Every structure is written in structure tokens, then in C-alpha cells.
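Contents: one structure, followed by commentary.
The values are calculated or read from the model by the stated rules, or taken from the named source; none is laboratory data. Keep in mind that what you see is a predicted model, and the values were worked out from it rather than measured. All Cβ positions, glycine included, derive from the backbone under ideal geometry; neighbour counts span all protein chains shown.
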């Protein structure tokens, strides 16, 4: 007999899912701020990161700077997934508030529960990646 995802794995209880979504919102805010800061950086600041190591490859980009670029891309991609998950919860929450029916309240509860599982997985990858990115920037800049 076929079982649904919820019957097999189960959603997170709301007492765990809601704080997890709040932590996810804080981490997403940090990643968005970091993206904005890098976009607004002076050209000399970003060139200093790529010039570290003095272009040991033929492309002129140091391996440490290339690794930092990949880490930055992975961190931003995970941050984007986190923001989209939080937007989904917010959208369903707004619809549930406007409709005001028990049917949409059930949708909101299940969305928060299942996206809590998703956000936990994304945070398990994003928190170490963001920490490594902050540390790597300090090391590469020096």
C-alpha cells in the first residue's frame, strides 16, 4: 500500500518548525545583506580578493579566490532557497488570513510543518557554508 510522505516521515511539530523558520529568516537576512554588500563593493575591494595569490594559474585567478567564488555561489544559492521557502510560508499565511477558513488553516499548518523539515536541511548546509565564507574572506584578504 502506498503511504504519503507525512505518514512515512512526518512533519515537524509546530513548536519546532516556527523557531526554525525564524532562525532561517535571520540567516537569510544575513546572506541577502552579504550579497548586497558584495554588489555595492568598490572594484578595488573585489579585485583584491581575486589578486590574492598573484595569479598562479593562466587565467590570472588564484585557486583560493576561485574556491572562495564557488563557496560564495553555493552560499547564495542556499540562501535563495531559504528565502523562497520563507516566502512560500508567508504567502500561504496571508491567504489563510484572508480566507479565514479552517481549510486554509490546515494548509498553513501543513506548509509550516513540511517547510520546517526543508529549512532544517537547508540550514544544515547553509550555516557551515556561511561560516566558512566569513572565515575564508578574512584569510584571503590577508
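Within the stretch 66-93, which residues are over 15 Å from residue 36 (Cα atoms) and in contact (Cβ under 8 Å) with a residue 40 or more places away in the chain?
Those that are over 15 Å from residue 36 (Cα atoms) and in contact (Cβ under 8 Å) with a residue 40 or more places away in the chain: 67, 68, 71, 74, 78, 81, 82, 85, 86, 89.
For the stretch 119-138, which positions are touching a residue at least 12 places away in the same chain (Cβ under 8 Å) and surrounded by fewer than 17 Cβ atoms within 10 Å (Cβ to Cβ)?
120, 125, 127, 132, 137
Per-residue answers, yes or no, for (1) touching a helix residue (DSSP H, G or I) at 6+ places or on another chain (Cβ under 7 Å); (2) at pLDDT below 70; (3) more than 30 Å from residue 110 (Cα to Cα); (4) surrounded by fewer than 16 Cβ atoms within 10 Å (Cβ to Cβ):
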{"residue": "12", "(1), (2), (3), (4)": "yes, yes, no, no"}
{"residue": "29", "(1), (2), (3), (4)": "no, no, no, yes"}
{"residue": "36", "(1), (2), (3), (4)": "no, no, yes, yes"}
{"residue": "47", "(1), (2), (3), (4)": "no, yes, yes, yes"}
{"residue": "55", "(1), (2), (3), (4)": "no, yes, yes, yes"}
{"residue": "58", "(1), (2), (3), (4)": "no, yes, yes, yes"}
{"residue": "61", "(1), (2), (3), (4)": "yes, yes, yes, no"}
{"residue": "65", "(1), (2), (3), (4)": "yes, no, yes, no"}
{"residue": "68", "(1), (2), (3), (4)": "yes, no, yes, no"}
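Can you give me the number of residues within the stretch 94-117 that are under 21 Å from residue 29 (Cα atoms) and surrounded by fewer than 16 Cβ atoms within 10 Å (Cβ to Cβ)?
1
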